[in-house]
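Asks: Pasting in a structure now, in structure tokens, and then I'll have a few things to ask.
The values are calculated or read from the model by the stated rules, or taken from the named source; none is laboratory data. Here the structure is a predicted model, which means the values were calculated and not measured. Neighbour counts run over all protein chains shown; Cβ positions are idealised from the backbone, glycine included.
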Amino acid sequence: MKIALGQINTTVGDFSGNRNKIVDFSRRAQASGAGLILFPELSVCGYPPRDLVERPSFVARNRETVEQIAAETRGIAVICGLVTPAESETGKSAMNSAALLQDGKIAFLQSKMLLPTYDVFDEMRNFAPAKSQDLFSFCGNRVALTICEDAWNDKFFWSKRLYTVDPVDALIRAGGNLVLNISASPFWIGKRELRRDMLASIARHHKVPVAMVNQVGGNDSLVFDGSSIVLNAEGNVVAQGRSFEEDLIYFDSGSQGAILTGDLHDQIEGEEASVYAALVLGTRDYMRKCGFQEAIVGLSGGIDSALTAVIAVDAIGPENIVGVGMPGPYSSPGSIDDARALAKNLGIRFELLPIDRAFEAYRQTLQEVFAGRKEDASEENIQSRARGTLLMALSNKFGAIVLSTGNKSELGVGYCTLYGDMVGGLAVISDVPKTLVYRLSHYVNSRRPVIPRATLEKPPSAELRPNQKDSDSLPPYETLDAVLEDYVEAAHSAERIAADHGFDIEVVRRVVRMVNRAEYKRQQASPGIKISPKAFGYGRRFPIAAKSEV
């Protein structure tokens, strides 16, 4: 039997658009001879729907849409994800489910048992878990249909499991000989390899083929990479979908679950290439799904704004980007030249809006109340906020989104200005450490040299006071990023970080204190695109008013 995986890009709440994609991919698969097609987790309503599932009308639209899909896909069996009402009298009112559609009706319904509550996932907040799961028969196979996390509890792969039950193991013990998994598994560095190895472990241990279809596209801060995969009973990859784009792939399944052959589509390989593709896709989909056609990027001549502008151009095209240079009293002539050169290389519109007069007006207004006090970060922040005001004015006037340009290193320690350089609707590289910003910029230039050499080579500086350098306020970025990775992503103590890397313990403790103090800034920041295992955002929940002793 020929089976298809429909790797589609859905939008949360777009029932008609998601339905049309499911129907279109199903008809294409049917025309190619497939008897069954799988679509990702919650593909009918889009993932993650979050608190939308608390609305009865939202849950009802799922059922209505699935019935429409069933009526329009006669001739091919379809498996798709949807929200269904919970049957229990207590607890949550909805369930995360998968429906098998055959002959114009719902022939089988399975609900998710394992509901993740870690990192960006909070499904126990929204869904009731399934109490049991069943197999269904299809073309001589006893099929174990699972939904994303249901396959993530294999005791032979994980040294420490999160759940006491293993749905895959239970279904195989009940006689299952083919595992189908519909997923909405977000991307982060190393995730594709982890996902593949985990599914291969299931296939080898249970001696059954495993097929997983994964969502693709950006939804808010999350990027889904697709990379759908099929493995034979030996754990070898026999079919795979492309990364970061929609795809339709096929594999042939024999009787008793034996997989014979499948499509092997190329995937994007390498850390820099994968992260860059994720950022481009995340930016494009955030803008498209939020209804923006144009973007504004403040260009300082520095590497962060340069990388952000390049990503934006690849996401929505140079004709839709406006770069804005906003020199101040301490901006170097070279920075303006670099910003202008970048805009020319990218083919984007460039506007120059100096902030000198605005800054002086602020100083005159505050002169009396500031009398007798030395200039400090207050005056530096005024410059940044003057720039933020100009960017937001352009955004309001032209209906374009401002893409903020701060990186993860700055956001981590609070080396950024609220209502200044943090303004914007999307923080494109806020999960990208400074050292990775440089690597990505060199990757960009390896394809086409658009970022000026001076931008890559000059010491980083906010240029808010004479001869300012980032190194005046921060440890070297190689040190800072290593500390942030261990403290934020691995939750290691300052003492362990210092010992593991041979760092000065006082330097590490200073960084940790800066991270803790900056929580109030991060919780007011624009949403960013997650590319690391632990990004700042709703997947990292820390109190603002807290005393942290390090």
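Asks: Which of the residues belonging to region 64-96 are part of a loop (DSSP other than H, G, I, E, B) and touching a residue at least 24 places away in the same chain (Cβ under 8 Å)?
Replies: Passing the criteria: Thr73, Arg74, Gly75, Ile76, Ala86, Ser88, Gly91, Lys92, Ser93.
Asks: Let me ask another. Among the residues of region 315-330, are any out of contact with any Phe, Trp or Tyr (no Cβ under 8 Å at 6 or more places or on another chain), under 24 Å from Gly46 (Cβ atoms) and at pLDDT 95 or above?
Replies: yes
Asks: Here's another thing I want to ask about it. Kindly provide the set of residues from region 372-430 that are in a loop (DSSP other than H, G, I, E, B) and among the basic types (Lys, Arg), ordered by number.
Replies: Arg373, Lys374
Asks: Another question about this same structure. Within region 528-550, track down each residue that is touching a Gly at 6+ places or on another chain (Cβ under 8 Å), assigned to a loop (DSSP other than H, G, I, E, B) and farther than 18 Å from Ala490 by Cα.
Replies: Ile529
Asks: Is it true that some residue in region 217-240 is touching a residue at least 60 places away in the same chain (Cβ under 8 Å), buried (at least 19 other Cβ atoms within 10 Å of the Cβ) and more than 26 Å from Gly270 (Cα to Cα)?
Replies: no
Asks: Residues of region 12-53 being free of Cβ contacts under 8 Å to residues at least 40 places away in the same chain and in contact with a helix residue (DSSP H, G or I) (Cβ under 7 Å, 6 or more places away or on another chain), which ones?
Replies: Scanning region 12-53 gives Val44, Cys45.
Asks: Let me ask something additional. Of all residues in region 97-122, how many are touching a Pro at 6+ places or on another chain (Cβ under 9 Å), of a type outside the set (Lys, Arg) and modelled with pLDDT of 95 or more?
Replies: 4
Asks: When you scan region 215-250, how many residues do you find that are in a loop (DSSP other than H, G, I, E, B), on the phi > 0 side of the Ramachandran plot and in contact with a Lys or Arg (Cβ under 7 Å, 6 or more places away or on another chain)?
Replies: 2
Asks: Could you please find all residues in region 404-454 being touching a Phe, Trp or Tyr at 6+ places or on another chain (Cβ under 8 Å), among the polar types (S, T, N, Q) and either farther than 21 Å from Gly325 by Cα or surrounded by fewer than 23 Cβ atoms within 10 Å (Cβ to Cβ) (or both)?
Replies: Ser409, Thr435
Asks: Of the residues Ala545, Ala482, Ala491, which single one is in contact with a Lys or Arg (Cβ under 9 Å, 6 or more places away or on another chain) and without any contact (Cβ under 8 Å) to a residue 24 or more places away in the chain?
Replies: That would be Ala491, the only listed residue that is in contact with a Lys or Arg (Cβ under 9 Å, 6 or more places away or on another chain) and without any contact (Cβ under 8 Å) to a residue 24 or more places away in the chain.
Asks: Also, I was wondering about something else. Take region 1-32 and flag every residue that is part of a loop (DSSP other than H, G, I, E, B) and modelled with pLDDT of 95 or more.
Replies: Answer for region 1-32, where residues must be part of a loop (DSSP other than H, G, I, E, B) and modelled with pLDDT of 95 or more: Ile8, Asn9, Thr10, Thr11, Val12, Gly13, Asp14, Ser32.
Asks: In region 455-469, what residues are crowded, with 21+ Cβ neighbours inside 10 Å and of a type in the set (Gly, Ala, Ser)?
Replies: Selection gives Ala462 alone.
Asks: Ok, one more. What is the number of the single condition among (1) surrounded by fewer than 17 Cβ atoms within 10 Å (Cβ to Cβ); (2) farther than 16 Å from Gly425 by Cβ; (3) of a type outside the set (Lys, Arg) that Gly291 does not meet?
Replies: So the condition that Gly291 fails would be (2).
Asks: Within region 215-240, how many residues turn out to be in contact with an Asp or Glu (Cβ under 7 Å, 6 or more places away or on another chain) and aliphatic (A, V, I, L, M)?
Replies: Of the residues in that region, 2 qualify.
Asks: For residues that are polar (S, T, N, Q) and in contact with a helix residue (DSSP H, G or I) (Cβ under 7 Å, 6 or more places away or on another chain), scanning just region 411-468, find the one that is modelled with the lowest pLDDT.
Replies: Once the filter is applied, the top-ranked residue is Ser461.
Asks: Another question, then. When you go through (1) part of a loop (DSSP other than H, G, I, E, B); (2) β-branched (Val, Ile, Thr); (3) under 25 Å from the mean Cα position of the chain (by Cα) one by one for Thr435, which number turns out not to apply?
Replies: Every condition holds for Thr435 apart from (1).
Asks: Here are the criteria: (1) modelled with pLDDT of 95 or more; (2) within 18 Å of Val143 (Cβ to Cβ). Tell me which single one Ile259 does not satisfy.
Replies: Here Ile259 meets the rest and fails (1).
Asks: In this structure, is Met326 surrounded by 17 or more Cβ atoms within 10 Å (Cβ to Cβ) and among the aliphatic types (A, V, I, L, M)?
Replies: Yes: the conditions hold for Met326.
Asks: OK, next. Can you confirm whether Arg61 is closer than 26 Å to Asp225 by Cβ, in the same structural domain as Arg125 (by TED's automatic domain parsing), of a type in the set (Lys, Arg) and not in a loop (DSSP other than H, G, I, E, B)?
Replies: no
Asks: Filter region 486-506 down to the residues that are assigned to a helix (DSSP H, G or I) and surrounded by fewer than 18 Cβ atoms within 10 Å (Cβ to Cβ) and list them by number.
Replies: Glu489, Glu495, Arg496, Ala499, Asp500, His501, Ile505, Glu506
Asks: Cβ-Cβ distance below 7 Å, separation of 6 or more or different chains: which pairs start in region 150-178 with a residue that is free of Cβ contacts under 8 Å to residues at least 24 places away in the same chain and end on one that is buried (at least 16 other Cβ atoms within 10 Å of the Cβ) and not aromatic (Phe, Trp, Tyr)?
Replies: Sorted first by the residue in region 150-178, then by its partner, the pairs are Lys155/Asp166; Arg161/Asn153; Asp166/Asn153; Asp166/Asp154.
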